[in-house]
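Every read-out reported here was derived from the displayed coordinates using simple, explicitly stated rules and does not represent laboratory data. The structure displayed is predicted, hence computed values, not measured ones. With ideal geometry, Cβ positions are generated from the backbone for all residues, glycine too; neighbour counts draw on all protein chains shown.
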Amino acid sequence: MTRLTREALLVAAVMLLAGTPARAQITNGSFESDYAGWMLFEFPPNPCAGTWGIATTGLTISPGDSVFDFSDGVNCVQTSDGLPITFTATDGNKLAFQLQNGPQLHRMFQDIAVGASSTLHWDMQYRNSAGDFDPVDQYLAVRIRDSLSDAILQDLFITNPGDARSIPMTHFSADLAAFAGMTVRLSVDLQANIRTFDAQFDNFKLVSNRVCTPPSIASVTATPSVIWPPNHEMVPVTVSADASAVCGPPACRIVAITSNEPSNGVGDGNTNPDSAILADLAALVRAERSGRFFRGRTYTITVECTDTAGNATRKDTQVFVPHDQRR
């Protein structure tokens, strides 16, 4: 039986992540881009003793199937007692998995910057083919570690003797308020020294616990705001929005353009359509107005600003095409 000492793990992990910048949010928490953003670690080095793989929803792995190991960079024949397994992602189309074929410690981790009042969420499933969990030889843990020393700061989840040997895909959450404003290491540790131990992971994300009131829009301005002459040409209009949000920064975009006149009217050149949204804050409106009894045409451009929690606020601005140049 091979065991990993704390000193060996500390040295290896610090060397592996030296100079790695912290991230404001968890990168690739749904594993849609393989293991981009994550660091993978195995000890002792023994290719195919365990496999860090990526599965697409619906994929079934049976005994003897060859699976690509993203840590070792080779295809590994699978012998886990837990096979066959059919995978189902909980977010997106892919998930991460660990299939254990022999004694080894596996880690999957990345450094993150924890904001104020944040909660960590993730989905996880495991099956232990050994007789029981053991804090040294057979366990699964989701941990917060020091980003420099790699020391364990808190076990957010850990299997203990007497725990169920398997669970279906289950949603977990943990309050990270104690680490607000800190850069820490999110680490998933799986130690299997007795027979086999398989696990699946998906949907790691940080969620703010702040009360996210809808964004505030101080002003919305269109440039130009007056168009002359009414020559029936489409004129580019740029919109700027002065917006703020508790859960920000807010993202603003044009969601609608309306007119106080019909697209086709008397004296307007018989044109249609008279407006178009080009980009988030860019549009086209037609330089025309209809009917000699009207003051002119007014286009109303509606802008919507959305915060990171999905709350939205709308505000209008106008572009005017006068009937003539008299005051």
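Please give the peptides 136-146, 83-93, 56-66 ranked by average Cβ packing (other Cβ atoms within 10 Å per residue), highest first, as a rough proxy for protection.
Highest to lowest by the protection proxy: 136-146, 83-93, 56-66.
Taking the Cβ-Cβ separation of ASN311 and PHE157 as r and a Förster radius of 41 Å, what is the calculated FRET efficiency to the nearest 0.05?
After rounding, the FRET efficiency stands at 0.85.
Along the Cα→Cβ direction, 7 angstrom out, place labels at ASN46 and ASP324. What is the inter-label distance in nm?
Once both label points are built, they end up 9.4 nm from each other.
Under 5 Å between amide H atoms, partner at least 5 residues away or on a different chain: which partners does PHE133 have, H built in plane at 1.01 Å?
Amide H neighbours of PHE133: GLY162, ASP163.
Between (1) 49, 21, 14; (2) 28, 26, 17; (3) 58, 22, 16, which matches semi-axes √(5λ) of the Cα gyration tensor in Å calculated for the structure shown?
Only one listed value fits the structure, namely (3).
Where does the charge balance sit around LEU95 when Lys and Arg score +1, Asp and Glu -1, over other residues with C-beta under 9 Å from its C-beta?
The answer is -2.
Using the basic label-point model (7 angstrom from Cα toward the beta carbon), what is the ALA256 to ASP65 distance in nanometres?
Taking the two extended label points, one gets 4.9 nm.
Given SER80, PRO45, LEU140, which one lies farthest toward the positive end of the charge dipole of the chain, if we put +1 on the Cβ of every Lys and Arg and -1 on the Cβ of every Asp and Glu?
LEU140
Return one number: the angle in degrees, 0 to 90 and rounded to the nearest 10, between the long axis of the Cα atoms of helix 6-17 and the longest principal axis of the Cα atoms of the chain.
Taking the Cα atoms of the chain, the angle to 6-17 is about 30 degrees.
Evaluate E = 1/(1 + (r/R0)^6) for ALA218 and THR88, where r is the Cβ-Cβ distance and R0 equals 56 Å; express this FRET efficiency to the nearest 0.05.
Computed FRET efficiency for ALA218 and THR88 comes out at 0.75.
Stokes-Einstein diffusion coefficient for the stretch 148-300 at 25 °C in a medium of 0.890 mPa s, Rh from the Kirkwood formula over Cα pairs: what value in µm²/s?
112
From a point 7 Å beyond the Cα of ALA177 in the direction of its Cβ, which residues of the stretch 103-143 have a backbone N at a distance under 20 Å?
Backbone N within reach: 113-122.
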